[in-house]
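Step one of this worksheet: look at the structure below.
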Amino acid sequence: MQPSPYQSQDPGPSPRPASAPARPTSTMDDVARRAGVSRSTVSRVFQPGSSVSDDAKIRVHEAARELGYVPNLVAGGLAGGLTQRTVLGLVVRDATNPAYGLLIGSLQAAAQERGRHLISVSAFPHEYGPEEVVGLRRLVGMRVAGAFVATGVTPPEDIVAANASVPVLVVGRPNDDPRLESISYDEAAHGRMMADRILALGHRRVGLLVAPVLYSRVFELRMRSVRERLHERGAVVREIDLLPVRTGVAAALDVAASEDLSCIVAPVDYAALELWRAARTRGVRIGEDVHLVGFDGISDGLDLLGLTTIRLPIEAVAHEAVERMVELTDASERGAQDGADGPGGAARHVLRVGRLMEGSSLGPVG
């Protein structure tokens, strides 16, 4: 299986010289002495939501950096009763993908606003679920108050089985399982939105780059939605295997030329950009000889390149997910105190729609 285009080929860590001395472990007391503040001030600096002056924060963080001090949040939570209340977990599929990267950052910012810590675990992107389940179990074992699951392929039943004790919220991926709450992007609506725009510009012979559901539930849902809408309106649809990506985009250009396809739909922007790159080497003009669209709308410079895509509402979904998780964890804590099982009722499935980003890669049929 081809790795994600965003995953670096890391040769591995360089061996540490045998003569390198081990760095002594710094303590909170060491940081307090270096910063010229009390130990309790240092402790409050590393607890979200605590009231500490900006001057003290700067001095403590500078001292911690100089001493190589890293706060033990789990120990701090056990000592201060914070772990079950403020530490949240996140399992993400591929942190090198811009969409996942922005989701992590947005969840982190939203969690910090609510006085929560966020610990993330990134699974290898194409292991078809096992590593994602292991990551979720690891977070539950760390006694997080609740866990977000933002993965591409793990079946809902595996997520449910891995969760025996904390609220779990699916974020940014398709989910209709009645046992799992979710706040996600409406990928079916995104597919229809893109198909409608393609049809409005007169395209009636369209190629779709497709991938198996085990590779990505999101890709499969997007392309299924595009295909169904195009078929409804009488367009001719030609499906081309996306994987491996470089082979898939080359095949798409070949099919477009031989079967007179006017537009190619990629299930994600990085595949669309790979096709654009391949087209340039062939002298094929995107937006003229053949038209092209993608999905995600996250990567820097898409507006400059002119790629037509769907911009996912990642920041809004992340903020809403954190707000809901706070409700779930608070209810779970109250239930534990009362001897109940936690929040009841049917699981909520919230969908949020992004927006179409127009670009020069899609225009009227010539």
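The values are calculated or read from the model by the stated rules, or taken from the named source; none is laboratory data. In this text, all values refer to a predicted model and were calculated from it rather than measured experimentally. With ideal geometry, Cβ positions are generated from the backbone for all residues, glycine too; neighbour counts draw on all protein chains shown. Remember, those area values only see protein heavy atoms, side chains included, never the ligands or the DNA or RNA. Shrake-Rupley method; radii C 1.70, N 1.55, O 1.52, S 1.80 Å.
Some points to look at:
- Members of the stretch 193-211 found to be open to solvent by 40 Å² or more (accessible area, probe 1.4 Å) and not in a helix (DSSP H, G or I), listed by number: Arg204, Arg205
- Figure legend. Inter-residue proximity from the stretch 130-149: first residues at negative phi and among the aromatic types (Phe, Trp, Tyr), second residues buried (at least 20 other Cβ atoms within 10 Å of the Cβ) and outside any helix (DSSP H, G or I), beta-carbon distance below 6 Å, spacing 6+ or different chains. Indicated pairs: Phe148/Leu90; Phe148/Leu169; Phe148/Val171.
- Here Gly12 clears all of (1) at pLDDT 50 or above; (2) assigned to a loop (DSSP other than H, G, I, E, B); (3) open to solvent by less than 50 Å² (accessible area, probe 1.4 Å) except the condition numbered (1).
- Scan of the stretch 216-236 for residues that are hydroxyl-bearing (Ser, Thr, Tyr) and either surrounded by fewer than 20 Cβ atoms within 10 Å (Cβ to Cβ) or part of a helix (DSSP H, G or I) (or both), ordered by number: Ser225
- The numbered conditions (1) closer than 22 Å to Met357 by Cα; (2) at pLDDT below 95 are all true for Tyr215 except (1).
- Residue check for Leu275: at pLDDT below 95, at negative phi and open to solvent by less than 10 Å² (accessible area, probe 1.4 Å): no
- Every condition in (1) open to solvent by 20 Å² or more (accessible area, probe 1.4 Å); (2) farther than 23 Å from Ala279 by Cα; (3) in contact with a Phe, Trp or Tyr (Cβ under 7 Å, 6 or more places away or on another chain) holds for His190 except the one numbered (1).
- Residue check for Gly301: open to solvent by less than 40 Å² (accessible area, probe 1.4 Å), without any contact (Cβ under 8 Å) to a residue 60 or more places away in the chain and over 22 Å from Ser184 (Cβ atoms): yes
- Within the stretch 278-296, tally of residues that are under 21 Å from Leu356 (Cα atoms), open to solvent by 10 Å² or more (accessible area, probe 1.4 Å) and part of a loop (DSSP other than H, G, I, E, B): 2
- Of residues in the stretch 241-257 being surrounded by 16 or more Cβ atoms within 10 Å (Cβ to Cβ) and under 26 Å from the mean Cα position of the chain (by Cα), the one nearest to Glu187 (Cα to Cα): Leu242
- Annotation: of all residues in the stretch 59-70 being open to solvent by 40 Å² or more (accessible area, probe 1.4 Å) and touching a helix residue (DSSP H, G or I) at 6+ places or on another chain (Cβ under 9 Å), the one that is modelled with the lowest pLDDT is Val70.
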